[in-house]
Amino acid sequence: PGFVRLDRYPEAAYLSKEEINRQVDMFRWVTAEGKRHGVKIYFLTWNICLPPGFCKAHGLDEFGADTPLVRQYTRESIAQLFRTYPDLGGLVTMAAETPPGCTDFVKDCVVAGLKQSIMNGSPRKELPTLVFWTWCSYPEQGREILDAYPGPKYVLHYLQYEQFFKPVADPRIKMTSDAFGGMKVVAMGGPSTSTGWLYWGDPWFVQKTLQDLVAKNGGGILF
């Protein structure tokens, strides 16, 4: 809501119209520069999370409020986000954690919003990428969501930023890929422990780890 103009929901705006206009100009430049350099930019969001003004106007909780109005707003907000920024790569989302297991909400709002982003004369001609984050979810919930989306998609596994003490990728990456029918998995991790820099500062260690990531059907790594 801080990056889009939604005339139908003025109460959802974080910023004034002038500030949002500057925000849109800035982020269009960022996404265009990313495209020029071959870099895709994504947003990551929780479900369900609402702007404070929207909550106050409709008597809703900030987290976890699932009503017909919230669903309508979420669909339109996501669709407008990707219409506003045709070069935006995609959206990372989950079926948690407010509330946990909100699979139906994600399908009806997030997936539908992404699909609507290329409808009705939109400047965007291709569907955005949907990345499903497995946080607080079971594989069957993720598969249900990803099966409902016809566009490009990935699974993202949360590895608690754990340090790999051998130059191999975490075996749960391949386990997650198998659980999702062989889909490529984006792993989240990096140098977070006290000895992490001893390993992640070593080119050989990083190369071997990422080679094994590919062998475990990894599609990328998010530091």
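Just grab the label-to-label distance for Val168 and Glu11, each label 7 Å out from Cα along the Cβ direction, in nm (one decimal).
Simple spin-label model gives 5.6 nm for this pair.
Could you derive backbone 3J(HN,Hα) for the range 68-81 from the dihedral phi with the Karplus parameters 6.51, -1.76 and 1.60 (θ = phi - 60°), listing whole Hz in sequence and x where the residue is Gly or Pro?
Rounded to whole hertz, the list is x, 5, 4, 5, 5, 4, 5, 4, 5, 5, 5, 4, 5, 4.
Given the Cα-Cα distance of Glu97 and Met119 and 0.36 nm per residue of separation, how much length would full extension add, in nm?
Numbers: separation 22, 0.36 × 22 = 7.92 nm, distance 2.97 nm.
Additional length available on full extension: 5.0 nm.
Out of residues 5 or more away from Val186 or on other chains, whose amide H comes under 5 Å of its own, with H placed 1.01 Å from N in the peptide plane?
So Val186 has HN proximity to Val155, Leu156, His157, Gly219.
Taking the Cα centre of the chain as origin, work out the dipole magnitude from +1 charges on Lys and Arg Cβ and -1 charges on Asp and Glu Cβ, in debye rounded to 20. Kindly include the intermediate steps, with their values, before the conclusion.
Values: 24 positive and 23 negative charges, 140 e Å.
The dipole magnitude comes to about 680 debye.
Provide the packing ranking of 42-53, 83-94, i.e. peptides ordered by the mean count of other C-beta atoms within 10 Å per residue, highest first. Working shown, then result.
On the way: 42-53: 16.4, 83-94: 21.0.
Packing proxy ranking, top to bottom: 83-94, 42-53.
Pull up all non-local amide H partners of Cys102: gap of 5 or more, or a different chain, and H-to-H distance under 5 Å with H placed in the peptide plane.
Under 5 Å from the amide H of Cys102: Ala96.
Taking only C-alpha pairs under 8 Å that are 6+ residues apart, what is the relative contact order of the range 35-110 in percent? Could the numbers behind the result be given before it?
On the way: 82 pairs, mean separation 34.7, N = 76.
Here the relative contact order equals 46 percent.
Quote the accessible area belonging to Lys184 in square angstrom, nearest 10, computed with a 1.4 Å probe and with ligands, DNA and RNA left uncounted.
My reading of the accessible area for Lys184 is about 100 Å².
Provide the per-residue ³J(HN,Hα) series for the range 83-94, in order, calculated from phi with Karplus coefficients 6.51, -1.76, 1.60 and θ = phi - 60°, each as a whole number of Hz, with x at glycine and proline positions.
6, 5, 10, x, 8, 5, x, x, 9, 9, 9, 9
Listed here are the pairs Lys115/Lys184; Lys35/Lys56; Lys35/Lys107; Lys35/Lys184; Lys184/Lys208; Lys40/Lys184; which of them are more than 26 Å apart at the Cα?
On the way: Lys115/Lys184 22 Å; Lys35/Lys56 38 Å; Lys35/Lys107 28 Å; Lys35/Lys184 23 Å; Lys184/Lys208 19 Å; Lys40/Lys184 17 Å.
The answer is Lys35/Lys56; Lys35/Lys107.
What distance in nm separates the simple spin-label points at Gln207 and Leu69, each placed 7 Å from Cα in the Cβ direction?
5.9 nm
What's the ranking of 16-26, 133-143 by average number of surrounding C-beta atoms within 10 Å, highest first? Write down the numbers at each step before the final one.
Working: 16-26: 12.2, 133-143: 17.9.
Sorting 16-26, 133-143 by mean packing, highest first, produces 133-143, 16-26.
How would you rank 123-129, 101-107, highest first, on the average number of other Cβ atoms within 10 Å across their residues? Numbers along the way, then the final one.
Numbers: 123-129: 15.4, 101-107: 19.1.
Going by the mean number of other Cβ atoms within 10 Å, highest first, we get 101-107, 123-129.
Return the long-range amide H neighbours of Val92 (sequence gap of 5 or more, or a different chain), with a cut-off of under 5 Å between placed amide H atoms.
Phe43, Leu44, Thr45, Val131
Taking only DSSP H segments of four or more residues, each worth -39500 (n - 2.57), what value at 222 nm results for the chain once the sum is divided by all its residues, to the nearest 500 deg cm²/dmol? Please report the intermediate quantities before stating the final value.
Details: 8 runs with 84 residues, N = 223.
Roughly -11000 deg cm²/dmol at 222 nm, from the helical runs in the chain.
For the range 140-149, take each phi angle, set θ = phi - 60°, evaluate the Karplus expression 6.51 cos²θ - 1.76 cosθ + 1.60, and give the result in whole Hz per residue in order, putting x for glycine and proline.
Residue by residue, the range 140-149 yields 5, 5, x, 4, 4, 5, 5, 5, 7, 10 Hz.
The values are calculated or read from the model by the stated rules, or taken from the named source; none is laboratory data. As the structure is a prediction and not an experimental result, all values here were calculated from the model. With ideal geometry, Cβ positions are generated from the backbone for all residues, glycine too; neighbour counts draw on all protein chains shown. Calculation scope for accessible area: heavy atoms of the full protein, side chains included, ligands and nucleic acids excluded. Shrake-Rupley method; radii C 1.70, N 1.55, O 1.52, S 1.80 Å.
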